Amino acid sequence: MGTRLFVGRLSHAKNEQDLNTMFAPCGTVESARISIDKLTGLSRGFGFVRMSTISEAEDAISRLNSTELDGKRLIVRVAKSQAEKSRPEPQGDGDPGTRES
């Protein structure tokens, strides 16, 4: 099971084949999926790509993150797991020794 990447700020005209083609030069694309709005059937402007290895995923991030495509600057990063998304953000400056009373 490879590394799952989040791809944001996609043009609504892009499809899964476009994602596959865009990421293929970086390595083996195990899957490419565009998130579709259930009510409208249109792209939500983001998707997910699974690369077969961590090094291929890192290559894809370094090559494609912040590149411009169809007038939009792409966001490409390692996707967060469901557990990470449901965890609350830490409060304060992150130093547990400096809590205010």
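The values are calculated or read from the model by the stated rules, or taken from the named source; none is laboratory data. Note that this is a predicted model, so its numbers are computed, not measured. Glycine also receives a Cβ, built like all others from the backbone with ideal geometry; neighbour counts cover every protein chain displayed.
In this structure, is residue 32 over 17 Å from residue 15 (Cβ atoms), of a type in the set (A, V, I, L, M) and crowded, with 18+ Cβ neighbours inside 10 Å? Against the criterion (over 17 Å from residue 15 (Cβ atoms), of a type in the set (A, V, I, L, M) and crowded, with 18+ Cβ neighbours inside 10 Å), residue 32 does not qualify. Of the helices (runs of 4 or more DSSP H) lying entirely inside the chain, those containing at least 1 residues that are at pLDDT 95 or above and out of contact with any Gly (no Cβ under 8 Å at 6 or more places or on another chain) are 16-23, 54-64. Taking segment 35-64 as the range and being in contact (Cβ under 8 Å) with a residue 12 or more places away in the chain, closer than 16 Å to residue 9 by Cβ and in contact with an Asp or Glu (Cβ under 9 Å, 6 or more places away or on another chain) as the test, the residues that pass are 43, 47, 49.
Each residue in segment 22-42 was checked for being of a type in the set (S, T, N, Q) and in contact with a Lys or Arg (Cβ under 7 Å, 6 or more places away or on another chain), and 2 of them qualify. Restricting segment 35-54 to residues that are among the polar types (S, T, N, Q) and either touching a His at 6+ places or on another chain (Cβ under 6 Å) or more than 15 Å from residue 1 (Cβ to Cβ) (or both), the residue that is surrounded by the most Cβ atoms within 10 Å (Cβ to Cβ) is 43.
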